[in-house]
1. Considering the range 127-144 alone, what residues qualify as being of a type outside the set (Val, Ile, Thr) and surrounded by fewer than 18 Cβ atoms within 10 Å (Cβ to Cβ)?
2. Taking only the range 173-214 into account, find how many residues are hydroxyl-bearing (Ser, Thr, Tyr) and in a strand (DSSP E or B).
3. Picking from Tyr140, Tyr111, which residue would you name as being in the same structural domain as Leu187 (by TED's automatic domain parsing) and over 30 Å from Asn68 (Cβ atoms)?
4. Can you pull out every residue in the range 61-80 that is under 18 Å from the mean Cα position of the chain (by Cα) and modelled with pLDDT of 95 or more?
5. Would you mind stating whether Ala118 is more than 14 Å from Trp151 (Cα to Cα) and in the same structural domain as Pro155 (by TED's automatic domain parsing)?
6. Against the definition (among the aromatic types (Phe, Trp, Tyr) and at positive phi), how does Trp151 come out, yes or no?
7. Which is assigned to a helix (DSSP H, G or I) and touching a Ser or Thr at 6+ places or on another chain (Cβ under 8 Å), of Leu159, Leu109?
Amino acid sequence: MNKKAIFIITMVIAVVVIGVGIFFAINNSSNNQNNNIDPNENINNDNNSNDEQNNNQNDTNDNIGNNNSVVLYFSATGNTKRIAEYIQDITNSDIIEILPQEEYTSEDLDYSNDNCRANIEQNDDNARPEIANRIDVSNYDIIYLGFPIWWGDVPKIILTLMDTYDFRGKTVILFCTSGGSGIEQSLNTLRDYEGINFVEGERFSSSTSKDEIEEWICSLN
């Protein structure tokens, strides 16, 4: 074999060796890059996305609610209680029920009977039914105050509440339940108590949904 043929064969072998070396170098580099990828990265990204969604939801709740708010309500038949619990859940507020010393029976609420307890109380300007539980509103800036409408006005036990506890300097957002009577007269009655920022609020029926109440609360903000 002459020198020229040997030179050509040598060059071919060298090219093959260099090519194989480059191939393995590229392949190892790719493997190293893959090995440097955190196997939990996709999971973490998903978690970050979920955390962001949760934070956004918390921001929404913060806009609606207030850490210094309480839902304070009187409910004789359960309708106002249901609305109050919706408000408490939506706003993340505390909740306190106004409990009468003498519970109201169905006979007490028989408005067709002029001598029923509710009618007698509503017709007596001096009536102040006793409250069984102690109520502390001193730590709250915002109070959602709820009650049923009796004879177009607030039940007299609400006046007992206002006479007993100091609401001055607080924002009191009224809400009520009734079959048709509005909340305007109740607002007029309660405005006799000075130094309180009363917000007229809303009347709800027994069939009002939680979504409707949330829409109302958002409109307050």
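The values are calculated or read from the model by the stated rules, or taken from the named source; none is laboratory data. Just so we're clear, the structure is a prediction, and the values are computed from it rather than from any experiment. Methodologically, a virtual Cβ is constructed for each residue, glycine included, from the backbone with ideal geometry; neighbour enumeration extends over all protein chains shown.
1. Looking only at the range 127-144, we keep the residues that are of a type outside the set (Val, Ile, Thr), and these are 127-130, 132-134, 136, 138-141, 144.
Once the filter is applied, which keeps residues that are of a type outside the set (Val, Ile, Thr) and surrounded by fewer than 18 Cβ atoms within 10 Å (Cβ to Cβ), the range 127-144 yields Ala127, Arg128, Glu130, Ala132, Asn133, Arg134, Asp136, Ser138, Asn139, Asp141.
2. Looking only at the range 173-214, we keep the residues that are hydroxyl-bearing (Ser, Thr, Tyr), and these are 177-178, 181, 186, 189, 193, 205-209.
When the remaining residues are screened for being in a strand (DSSP E or B), the result is 177.
Count: 1.
3. Numbers: Tyr140 fails: over 30 Å from Asn68 (Cβ atoms).
Step by step, each of Tyr140, Tyr111 is checked, and only Tyr111 is in the same structural domain as Leu187 (by TED's automatic domain parsing) and over 30 Å from Asn68 (Cβ atoms).
4. If we filter the range 61-80 for residues that are under 18 Å from the mean Cα position of the chain (by Cα), which is where we start, we get 61-73, 80.
Ser69, Val70, Val71, Leu72, Tyr73, Thr80, listed by residue number.
5. On the way: more than 14 Å from Trp151 (Cα to Cα): no; in the same structural domain as Pro155 (by TED's automatic domain parsing): yes.
So Ala118 fails the test.
6. On the way: among the aromatic types (Phe, Trp, Tyr): yes; at positive phi: yes.
In short, yes.
7. Criteria check complete, one pass: Leu159.
Each row is one residue, and each column tells you yes or no for (1) touching a residue at least 24 places away in the same chain (Cβ under 8 Å); (2) buried (at least 18 other Cβ atoms within 10 Å of the Cβ); (3) of a type outside the set (Val, Ile, Thr).
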{"residue": "Phe147", "(1), (2), (3)": "yes, yes, yes"}
{"residue": "Val154", "(1), (2), (3)": "yes, yes, no"}
{"residue": "Tyr165", "(1), (2), (3)": "yes, no, yes"}
{"residue": "Thr177", "(1), (2), (3)": "yes, yes, no"}
{"residue": "Asn188", "(1), (2), (3)": "no, no, yes"}
{"residue": "Glu194", "(1), (2), (3)": "yes, no, yes"}
{"residue": "Arg203", "(1), (2), (3)": "yes, yes, yes"}
